[in-house]
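First comes the structure, then the notes that go with it.
The values are calculated or read from the model by the stated rules, or taken from the named source; none is laboratory data. These numbers come from a predicted model, not from an experiment. Glycine gets a Cβ as well: all are built from the backbone with ideal geometry, and neighbour counts include every protein chain shown. When the accessible area is computed, the model is the full protein with side chains, heavy atoms only, and any ligands, DNA or RNA have been set aside. Shrake-Rupley method; radii C 1.70, N 1.55, O 1.52, S 1.80 Å.
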Amino acid sequence: MINFSSYSFRGKKVLVRVDFNVPLNKETFEITDDKRIRAAAPTLLHILENGGSLILMSHLGRPKEGPEEKSSLKHILSGIEKVMGRPVKFSNDCIGENAKNLASSLEPGEILLLENVRFYKEETKGDMDFAKQLSLLGDCYVNDAFGTAHRAHASTTQIATFFPNDKMAGYLMAAEIESAKKVMQDTKRPFTAIVGGAKVSDKVLIVENLLNVADHIIIGGGMAYTFFKAQGGKIGNSLCEDERLETCIQIMKRAKERGVQIHLPMDSITADEFSPTANTQLVESSAIQDGWMGLDIGPSSQASFAKVIEESKTVLWNGPMGVFEMDAFSSGTKAVAEAIAKATSNGAFTLIGGGDSAAAVQKFGFATQVSYVSTGGGALLEYFEGKVLPGIEAVEN
Ligand code: AMP
């Protein structure tokens, strides 16, 4: 693989696929969180400082029928200028004459942002000809969009074939790959994986794959209740996927065969409605009355989960322990975040999966006390499911 740090960018027009799919205010189209732009900045600054110019490609939102106002990247132009501290040019089409002219007149140190690549259906179809047209704009290709690395799209995957000797992963992508490998390949033991969130069906592949590597798997959140029901427990109105009962039994069986300890939350904070002001009760998770639903793990589970986590040397976390968006049901998720911070200070390597878990460590103030917070939700999940991510493979091989 070509090394990004030692590659010579002098005088080159560098096509960089970034993940600038940032949240925008629905009325004013202002950026509400520029984390993704800041995350790509070290890669972009390195190229500029080494004499290159930048042609930035990204998607924003999920436009279905061509160009649409709310998904235009023009809304984030000033946000990029703010982070990069210099002006950014904009092409209102990612391919075609305008893009070609603007790209060919770029001077070293200058930045050009192309309009949303998903305004063309060819992008998500991984169309070769579209990828070729994008490739003609630059001299080399850098992929720093970990968040879309699980998609075989034209600007993340096919484009790399036009740069056999000039394609590479940027700093953010490299950091994501390195931290994921620390968990899956250079694992320090004991390794505890914490999986939570709403549904068993979303997490079954990751749990099955983790059975091959983890020493402990902690299961919390709504998905835990399908496990309790599968074991004959009463779960009242808690979330449950009846069609996954057998899956849960198989997971428990395979864990036993492999010596992996599965930890379920033995107590739950239950509510009589899905509401922040619901009446609550602390009960055993397998004895929940009809009309009540488990919305968070209870204090005994918090303490026993924290003990396992704090004694671990590697920790992976994906998915909240309860409805953490509501204060009344956030203490389980907070306790797990705190235990992960403690494990980190004890020397463990701790990786927080994107999406809700990243939002939770941020919300509870532990984001700087863990080893790495991933920027990729779906991509990270697929990596830990054991899948090959096409965006990574395209620049590595
Ligand atoms: P996921 O996207 O699958 O990781 O699920 C995250 C969502 O699961 C969050 O919005 C949580 O509010 C929700 N969640 C977590 N625990 C529960 C629960 N016990 N009951 C209902 N929803 C839950």
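If you fit an axis through the alpha-carbon atoms of helix 35-49 and take the longest principal axis of the Cα set of the chain, what angle between them do you get, 0 to 90°, nearest 10?
Orientation of helix 35-49: about 40 degrees from the principal axis.
When only Cα pairs under 8 Å and 6 or more residues apart are kept, what is the percent relative contact order across the chain?
15 percent
Pull up the cross-link candidates among the aspartates and glutamates for K363, meaning alpha carbon to alpha carbon under 15 Å and not fewer than 8 places away within one chain.
Filter leaves D33, E325, D327, E338.
Loop only by DSSP, 10 or fewer other Cβ within 10 Å of the Cβ. Give me the trypsin sites (Lys or Arg not before Pro) in segment 1-92 that pass, ordered by residue number.
Answer by residue number: R10, K26, K64.
If I fit a long axis through the Cα atoms of helix 200-210 and take the longest principal axis of the Cα atoms of the chain, what angle between them do I get, 0 to 90°, rounded to 10?
80 degrees
Pairs of alpha-carbon atoms within less than 8 angstrom and 6+ residues apart define the contacts here; what relative contact order does segment 38-144 have, in percent?
Over segment 38-144, the number comes to 35 percent.
For K234, give me every one of the lysines with a C-alpha distance below 30 angstrom, ignoring sequence neighbours fewer than eight places off in its own chain.
Partners within reach: K199, K203, K253, K256, K307, K334.
Quote the charge dipole size of the chain about the Cα centre in Debye, to the nearest 20; the model charges only the Cβ of Lys and Arg (+1) and of Asp and Glu (-1).
800 debye
Which value in Å is the Kirkwood Rh of segment 177-384 over different Cα pairs?
Final number for the Kirkwood radius of segment 177-384 is 16.7 Å.
Can you compute the charge dipole magnitude of segment 13-169 about its Cα centre, using +1 on each Lys and Arg Cβ and -1 on each Asp and Glu Cβ, nothing else charged? Give it in debye, rounded to the nearest 20.
Here segment 13-169 has a charge dipole of around 320 debye.
Under 20 Å from the 7 Å Cα→Cβ point of R86, by amide nitrogen: which residues of segment 103-119?
103-115
First measure r as the distance between the Cβ atoms of E243 and N346, then evaluate 1/(1 + (r/R0)^6) with R0 = 45 Å and state the FRET efficiency to the nearest 0.05.
The calculated FRET efficiency here is 0.65.
Restricting to bridges with both residues inside segment 177-384, how much of the DSSP beta-bridge set is antiparallel, in percent to the nearest 5?
30 percent
In terms of Cα to Cα distance under 20 Å, which aspartates and glutamates are near enough to K26, apart from those fewer than 8 places away along the same chain?
By straight Cα distance, K26 reaches D34, E65, E68, E69, E115.
Pop out the carbon and sulfur fraction of the accessible area of segment 13-169 as a percent, whole number, probe 1.4 Å.
C and S atoms contribute 48 percent here.
In segment 13-169, with Lys and Arg counted as +1 and Asp and Glu as -1 at Cβ, which of these residues, F146, M128, C94, has the Cα nearest the positive end of the dipole, that is, farthest along it?
Of the candidates, F146 comes out farthest on the positive side.
Share of segment 255-397's accessible area from carbon and sulfur, percent, 1.4 Å?
Its accessible area is 50 percent carbon and sulfur atoms.
Have a look at the DSSP beta bridges in the chain and tell me what percent are antiparallel, nearest 5.
Rounded to the nearest five, the antiparallel share is 20 percent.
Which semi-axes, in whole Å and largest first, does the equivalent ellipsoid of segment 53-199 have when worked out from the alpha carbon gyration tensor as the square roots of 5 times its eigenvalues?
Semi-axes from the Cα gyration tensor: 30, 18, 17 Å.
Between Q231 and R254, how high is the FRET efficiency from 1/(1 + (r/R0)^6) when r is the Cβ-Cβ distance and R₀ = 22 Å? Nearest 0.05.
The calculated FRET efficiency here is 0.90.
Taking the 0 to 90 degree range and rounding to the nearest ten, how far is the long axis of helix 171-184 tilted relative to the main principal axis of the chain, both from C-alpha atoms?
Compared with the principal axis, the helix lies near 30 degrees.
So what is the accessible area of the chain per residue, in Å², with the probe set to 1.4 Å?
Per-residue accessible area for the chain comes out at 42 Å².
Full-extension gain between K100 and S304, please, as 0.36 nm times their residue separation minus the C-alpha to C-alpha distance.
Result: 67.5 nm gained on full extension.
What number results when the radius of gyration of the chain, computed over Cα atoms, is divided by 2.2 N^0.38 Å?
Cα-based Rg divided by the globular estimate yields 1.07.
Which value in deg cm²/dmol, rounded to the nearest 500, describes the helix-derived mean residue ellipticity at 222 nm for the chain, given -39,500 (n - 2.57) per DSSP H run of n ≥ 4 and division by the residue count?
Dividing the helical sum by the residues of the chain leaves -10500 deg cm²/dmol.
Would you kindly state the longest site-free stretch of the chain, with sites defined as chymotrypsin sites (Phe, Trp or Tyr not before Pro) in a DSSP loop (not H, G, I, E, B) surrounded by at most 16 other Cβ atoms within 10 Å?
Answer from the scan: 30-273.
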